Amino acid sequence: MRFFSSVRAQRDGSYAISFSDNERNLIQMLVPQLRELVESRDPMAWRLFPNPHEDDPLLALQYEEMIGDDLLDKRRASIDTLERTMNAKVLTEEELLAWMTSVNDLRLVLGTRLDLTEESELEDFQDDEGAEGLFIAYVMLGMMLENIVSAL
């Protein structure tokens, strides 16, 4: 399996992207799941909708009412852009920023699902094939995100 992404800034302000088939397949598989988690506000996606008032239910509700839809709309727009440009070879800065948001959101959800710590390693998940695969996806998304951030 080849996992190697490349994102390069071009002189005209656009970004040339080159992702392996494996990377694109992973994104194509995970993005609909991300959309479902975002749309349903699944508890697994809590890190995507942080609330600074967890200890005060009234303030938490007020915050949710004030900012919740904006955050949801931004996440939806990023997912829409990623899906629309999935097979593109060149992205605008705005499109690449949307990719960055969605790839990072995927990492956050996977990290939460796996209950990762900074010390987590692949060996920690070898007894669970599903978790091992998710950890590999997490690492691969991290490399993609690093390439995007470096290019920006």
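A short reminder: the numbers here are calculations on the coordinates, not readings from a lab. Owing to the predicted nature of the structure, the values given are computational and were not obtained by experimental measurement. Because the Cβ atoms are built from the backbone with ideal geometry, glycine has one as well, and the counts that use them run over all protein chains shown.
Tabulated values for the structure
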quantity: Most fluctuating residue given options Leu26, Leu82, Leu48, as computed from a GNM of the chain linking Cα atoms under 10 Å; calculated: Leu26
quantity: Footprinting exposure proxy for Arg107, Arg41 (fewest neighbouring C-beta atoms within 10 Å first); calculated: Arg41, Arg107
quantity: Kyte-Doolittle mean at least 0.0 and Cα axial length at least 24 Å: DSSP H helices in the chain; calculated: 93-114, 129-151
quantity: Leading residue at positive end of dipole, the chain (Cβ point charges), from Tyr63, Ile27, Gln126; calculated: Ile27
quantity: Length-normalised contact order of the chain in % [C-alpha pairs under 8 Å, at least 6 apart]; calculated: 29
quantity: Neighbourhood charge, 12 Å Cβ-Cβ cut-off, centred on Leu141 and excluding it, Lys, Arg +1 and Asp, Glu -1; calculated: -2
quantity: Dipole magnitude of the chain, debye to nearest 20 (Cβ charges: Lys/Arg +1, Asp/Glu -1, about Cα centre); calculated: 960
quantity: Packing-based ranking, highest mean first, of 115-122, 12-19, 92-99 given that Cβ atoms within 10 Å are counted; calculated: 92-99, 12-19, 115-122
quantity: The chain - mean residue ellipticity at 222 nm from DSSP helices (-39,500 (n - 2.57) per run, n ≥ 4, rounded to 500); calculated: -21500 deg cm²/dmol
quantity: Cβ crowding within 10 Å averaged over residues, with 29-36, 124-131 ranked highest first; calculated: 29-36, 124-131
